[in-house]
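Report on the following structure.
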Amino acid sequence: MNNMEFVRKLPIPKEIKEQFPLSDDIKAIKEQRDKEIADIFTGKSDRFLLIIGPCSADREDAVLEYVNKLAGVQEKVKDKILIIPRIYTNKPRTTGEGYKGMVHQPDPSKQEDMLAGLIAIREMHQRAVKETGLTCADEMLYPENHRYLNDLLAYVAIGARSVEDQQHRLTASGLSIPVGMKNPTGGDIGVMFNSLIAAQSRHTFLYRGWEVHTKGNPLAHAILRGYVNKHGNSLPNYHYEDLIGVYEMYQQRNLQNPAVIVDCNHANSGKKFDQQPRIAKEVLHSCRYSADIKGMVKGLMIESYLVDGAQKIGEGCYGKSITDPCLGWEKSEKLILELADLL
């Protein structure tokens, strides 16, 4: 008995791109932003990266309102901070249950529709760039889906549950934008470094039915997101000692552009979203104390939305996360301005 039903063949990325092409203005914005972001990772720029936004992009209107607010703050801090909004359109689920993002459900209250989802995420990312001049970040949960958005994205994250997967590592080696590889949920930093070596190396492999060659991605880097021990307790890895340990591991390996982004939520905060400002400031304190850490830590990742906290699907609070709890807008804006003062 066949246990997999083939519903319909979806358009390939090339077809979706032809249906929803980029304007010359968007192409120019992306080219300029890609250069500015790469300069941070290669050390040509000393600006600080802030990858900030909702845990999951659940509805276009609230996400676009949020990104427009970010654009206003970006103008105030542009000399010190470069903001990359998080528009995460596909979400990993530990047990496979729950909301998997707009690529699955463009409307979280309705049934899954992946064709509508692919169109919705492309249109939303396009609107974000067109309206704000900010290119955005997304998670590469499904490597084969990346090319539906690859001409729009500024940054890609590979999650803690995906970082040990061969297809994610090899696909990352073929991208030309920064790819952040998170430490796995169990916290083994060696696994993260193995993924960095793979992502920065050349490969030949099967991708979307093609034999492909990749040149390696020199902008692949580490994301520290905390971890969960065998007893199920969340433990942080953003402290000074953790950062020095990662710096020393970078020194032992022949990797290009040693870089770390610190994720201030997830297991680093124990999902206590209101602890993110404190964690962010502690990381900056470590940067001030150690020149080695300052040179390595390129930025922070913050989960933030219009309204504090989280809600269940259907509770109807506009701009409040339906996945992990997020920092509300007023606290987020205050944090960005405080970080600029501290840099």
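Here is how the numbers come out for the structure above:
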| quantity | calculated |
| --- | --- |
| Within the chain, helix-based [θ] at 222 nm, where runs of 4 or more DSSP H residues each add -39,500 (n - 2.57), nearest 500 | -12000 deg cm²/dmol |
| Label-point separation in nm, N2 to R93, each point 7 Å along Cα→Cβ | 2.5 |
| Estimated FRET transfer efficiency when R0 is 30 angstrom, pair M114-K271 (beta carbons, to 0.05) | 0.60 |
| Estimated translational D of the range 25-342 in µm²/s (Stokes, Kirkwood radius over Cα pairs; 10 °C; 1.306 mPa s) | 82 |
| Phi to ³J(HN,Hα) by Karplus 6.51 cos²θ - 1.76 cosθ + 1.60 over the range 260-273, Hz, x for Gly, Pro | 9, 10, 9, 7, 7, 10, 6, 6, 5, 9, x, 6, 8, 4 |
| Amide H within-cut-off set for F48, under 5 Å, with H built and near neighbours excluded | I81, L82 |
| Placed amide H near D308: partners under 5 Å, 5+ positions off or other chain | G328, W329 |
| Karplus-derived 3J(HN,Hα), 6.51/-1.76/1.60, for each residue of the range 177-192, Hz, glycine and proline x | 10, x, 10, x, 9, 6, 5, x, 4, x, x, 6, 5, x, 4, 4 |
| Positive dipole terminus of the range 25-342, leading residue within L206, L115, L255 (C-beta point charges) | L255 |
| Among the listed pairs K44/K320; K130/K298; K100/K271; K130/K272; K44/K271, those beyond 29 Å (Cα-Cα) | K44/K320; K130/K272; K44/K271 |
| Potential extension, D61-E36 segment - 0.36 nm per residue separation minus Cα distance | 6.2 nm |
| Per-residue ³J(HN,Hα) for the range 68-77, Karplus 6.51 cos²θ - 1.76 cosθ + 1.60, θ = phi - 60°, Hz, x for Gly and Pro | 5, 5, 4, 4, x, 6, 3, 4, 6, 10 |
| Inter-site label distance for D151 and S176 at 7 Å from Cα along Cβ, in nm | 1.3 |
| The range 118-236: relative contact order as a whole-number percent, Cα under 8 Å and 6+ apart | 21 |
| Stretchable slack from E241 to K9, in nm (0.36 nm times residue separation minus alpha-carbon distance) | 78.5 nm |
| Gaussian network model of the chain, Cα within-10 Å springs - most flexible of G226, G43, G187 | G43 |
| Length gained when the stretch D165-N68 is fully extended (0.36 nm per residue, less Cα-Cα span) | 31.4 nm |
| Cα→Cβ-extended label distance, 7 Å offset, between K331 and S23, nm | 3.6 |
| Relative contact order of the range 25-342, pairs being alpha-carbon contacts under 8 Å that are 6 or more residues apart, as % | 17 |
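Each value in this text was obtained by applying a stated rule to the coordinates, not by laboratory testing. Predicted model only: the values in this text are computed from it and were never measured. Note that we place each Cβ from the backbone using ideal geometry, even for glycine, and neighbour counts take in every protein chain shown.
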